[in-house]
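Throughout, read-outs are computed from the coordinates displayed, never taken from laboratory work. Remember, predicted model here, so these are calculated numbers, not experimental data. Cβ coordinates were reconstructed from backbone atoms using ideal geometry, including for glycine residues, and neighbour counts include every protein chain displayed.
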Ligand SMILES: Cc1ncc(COP(=O)(O)O)c(C=O)c1O
């Protein structure tokens, strides 16, 4: 059987590979601690679970969901967006529910690029920005996020030729993997750049509400005129500890959303209605659960920083996301340090190079495990390093 050429070009998914390595180590009897994937150990808040339990019993919800999401979910999402960012949106044309933002990101390429078209993606960046392009036979142009620029975009690193050829620009703040944050000016510059070159702007805002020390993440859509060219993806996964539920939505430019919606209606059949009701409960129900997670993560960040900086390690300040981005000790590459830490300490960290060439020299650690497991992981690494 012959596989498609695009499959040959498709690397194994980073975290699927990591899962495989964990399984091997576990089979050897090692108690592996994974600071690899950002998947909260805390449960989904009870009021959201209760709404799901109630709705799952209703036979009306057992049938195919409506393709573009329940009108009530779209309305709730629009109301949430206006309350959070002050940007009014038409729930029918400017909101599109997604089965998680990963799905939306991958399908966006089918909606916006033809084979050979180019997309500008952050380097380092969430792996689907690159693999989504491979699946659509599109090409990516790396936009290096450099430490000297606080991991923010510098468009002078993109040639005019590439800018003219690009069909879309993807950005993600608070950023995975660097944990960098953006101000309104970052979005204003992105909008200006994209308008100049007629590029669709995609803001992947998976961590917009997990921010610390009083920093509040802005939306790209707060920039005047952004809706002409931009959409933003909001995920419920991390904010409400709902990674397993698969629910998110895209907001903004209606032509982009119409194209994405058309792709989706031909591929998937929407989100289980009971999950949409649970998502509505998350967005419009009590929000103290979000503050509780912010308190947990900022406490963990301080705890991890104190330990890692105490060892003389260079860890980047984290005001958003659930990650710590750290320079590897001298003498290691990203991959060799991640390998060393797994082999000698039984701890999984993500090598920065897996997120793009500019991630070389860094590793990413997540803050989504219990404090005692994180302490144990750091103890094991310190011991392994002697
Ligand atoms: C930057 C970024 N975008 C998107 C996603 C996917 O999130 P979802 O669970 O909504 O598919 C993740 C998940 O880790 C992420 O880090």
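Averaging 1/r over every pair of different alpha carbons in the chain and inverting the result gives a Kirkwood radius of 21.5 Å.
Radius of gyration over Kirkwood radius for region 145-234, both on Cα atoms: the Rg/Rh ratio is 0.95. Once you sort the root eigenvalues of the Cα gyration tensor of region 200-276 as a ≥ b ≥ c, which label holds: rounded (a/c under 1.5), prolate (a/b larger than b/c) or oblate (the other case)? In terms of gyration-tensor shape, oblate.
Over what distance in Å are the Cα centres of region 109-170 and region 190-220 separated? If we compute the Cα centre of each part, the gap is 15 Å. Calculated [222 nm] ellipticity per residue, helices only, for the chain: -12000 deg cm²/dmol; basis is -39500 (n - 2.57) per DSSP H run with n ≥ 4, divided by all residues, nearest 500.
When 300, 63 are arranged by Cβ crowding within 10 Å, least crowded first, meaning fewest neighbours, the order is 63, 300.
Nearest-5 percent of antiparallel DSSP beta bridges in the chain?
Expressed as a percentage, antiparallel bridges in the chain total about 50.
Over all Cα atoms in region 1-160, the spread is summed up by Rg and Dmax: 20.6, 56 Å. Distance between the C-alpha centers of region 29-97 and region 315-386? Whole Å please. Each part reduced to its Cα centre gives a spacing of 31 Å.
In the frame of its principal axes, region 54-122 has Cα extents of 46, 32, 20 Å, reported largest first.
When the square roots of the Cα gyration tensor eigenvalues are ordered a ≥ b ≥ c, the ratio a/c for region 294-349 is 1.5 or more and a/b exceeds b/c, which makes its shape prolate. How big is the gap, in Å, between the Cα center of region 262-281 and the Cα center of region 285-305? Answer, in whole Å: 29.
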